[in-house]
């Protein structure tokens, strides 16, 4: 990436104003014209949102987008539909024992609504508050119950089963963090109580130890910041077996959306830990050790992204995909090309990763990461990636869901998926834009935790 070292959040206010205007039109279109009987909207095909059965992990992004639109613009009509949809349709996600995505679905809806009430953005209402709190407490316990114990700790296992840790899940630790702040824990057999904070720290540590590489010789392809989408364990004895990838090209290459989940998940957990006192962290390894592994993971993944991304800040879907060589050895010395003939870009990875870069830059007071995040956001909100066609229901163009399975739409005349949007890409673009807008306007800092 070629980082623009001169950008400030205030410089992007015009882009932000256009972004939210476009976003509002898309939110209304989806709310009015998408049939929820199809299932959760996942990605667009020829500009129209459709579903794709795998797991129910995107509905919270749809309704969370409505809430973020209100947050950014103050237009109460978006709050009304966001609250209504959360109340009527999100309850099954609170007790969904089959997914590792509670931090996606429930923090994006119930969590955003509770945050707005805490900020005084929506009126205080005791019963409404209790409703959000109960939903988040239940969600946190359900998420943390999905647990594989290891001799060194453990992890929240993916929908693939107890042997599988996904890079994605570090962002679902938000559910555990909020649950802990709300005084909740897991109650098991014989009333055995387990700390949500303990499970949060242990999952983060397992992710840091096995999903991210640090150039320390773990395998032949070990470089600083390389990330495996999936880590496989032997559930009989708890031993780590190998890296794997469900949506990337291979276990030994980096699927950039998996990388991006860790880029944002690690810095926001560092921010969250600032609200926890040292005494609570001492039996879990102590603040210094916990923050050290989170910071190492955050810096490694963000550095890898910067080094392995096109000059405008948009990555290709996997840094080692089969036809990447056809893009040329100077692929990261040129702007991204969504319409190339070799491998697709993934704007959703950029939307997720941009917030990680911005948060890490603020945490470290390091302009390298801050300016990299601003560079990515300027591109995402520019004409090449912002969906300006009102007939297109997506917000950010050129997102990719599952390239190995061939699920993504390839337009006529093109060789690779392009021109489409995803629910997670659109939501995280909104989240990053809200984060940036609050920085630009010196508004209260945008955070997921209480």
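The values are calculated or read from the model by the stated rules, or taken from the named source; none is laboratory data. In this text the structure is predicted, and so the values were computed from the model without any measurement. Here the Cβ is made from the backbone with ideal geometry for all residues, glycine too, and neighbour counts use every protein chain on show.
Brief remarks follow.
- Residue within the stretch 390-401 that is surrounded by 23 or more Cβ atoms within 10 Å (Cβ to Cβ) and farther than 22 Å from residue 30 by Cβ present: no
- Residue in the stretch 412-424 that is modelled with pLDDT of 95 or more, part of a helix (DSSP H, G or I), under 30 Å from residue 133 (Cα atoms) and touching a strand residue (DSSP E or B) at 6+ places or on another chain (Cβ under 6 Å) present: no
- Condition met for residue 325 (farther than 26 Å from residue 264 by Cα, part of a helix (DSSP H, G or I) and either without any contact (Cβ under 8 Å) to a residue 12 or more places away in the chain or out of contact with any helix residue (DSSP H, G or I) (no Cβ under 7 Å at 6 or more places or on another chain) (or both)): yes
- When 221, 240, 214 are screened for being at pLDDT 95 or above and closer than 29 Å to residue 406 by Cβ, only 221 passes.
- Lone qualifier among 174, 199 - being crowded, with 16+ Cβ neighbours inside 10 Å and under 30 Å from residue 236 (Cβ atoms): 199
- Count of residues meeting criterion [modelled with pLDDT under 95 and either surrounded by 14 or more Cβ atoms within 10 Å (Cβ to Cβ) or in a strand (DSSP E or B) (or both)] in the stretch 119-159: 1
- Failed criterion for residue 233 (all others in (1) without any contact (Cβ under 8 Å) to a residue 24 or more places away in the chain; (2) in contact with a strand residue (DSSP E or B) (Cβ under 8 Å, 6 or more places away or on another chain); (3) more than 28 Å from residue 274 (Cα to Cα) hold): (1)
- Of the residues making up the stretch 269-285, at least one is part of a helix (DSSP H, G or I) and either surrounded by 24 or more Cβ atoms within 10 Å (Cβ to Cβ) or under 14 Å from the mean Cα position of the chain (by Cα) (or both).
- Of all residues in the stretch 353-370, those that are buried (at least 24 other Cβ atoms within 10 Å of the Cβ) have Cβ atoms under 8 Å from Cβ atoms of residues that are outside any helix (DSSP H, G or I), 6 or more apart or on another chain, in 353/315; 354/313; 360/366.
- Filter pass, residue 314 being under 21 Å from the mean Cα position of the chain (by Cα), closer than 29 Å to residue 447 by Cβ and part of a helix (DSSP H, G or I): no
- In the stretch 37-55, the residues that are closer than 18 Å to residue 26 by Cα reach residues that are in a strand (DSSP E or B) and modelled with pLDDT of 95 or more with C-beta atoms within less than 6 angstrom, at least six apart or across chains, in these pairs: 41/49; 43/422.
Here is a yes/no grid of residues against (1) assigned to a loop (DSSP other than H, G, I, E, B); (2) buried (at least 20 other Cβ atoms within 10 Å of the Cβ):
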{"position": "7", "(1), (2)": "yes, no"}
{"position": "13", "(1), (2)": "no, no"}
{"position": "22", "(1), (2)": "no, no"}
{"position": "44", "(1), (2)": "no, yes"}
{"position": "63", "(1), (2)": "no, yes"}
{"position": "66", "(1), (2)": "no, yes"}
{"position": "78", "(1), (2)": "no, yes"}
{"position": "81", "(1), (2)": "no, no"}
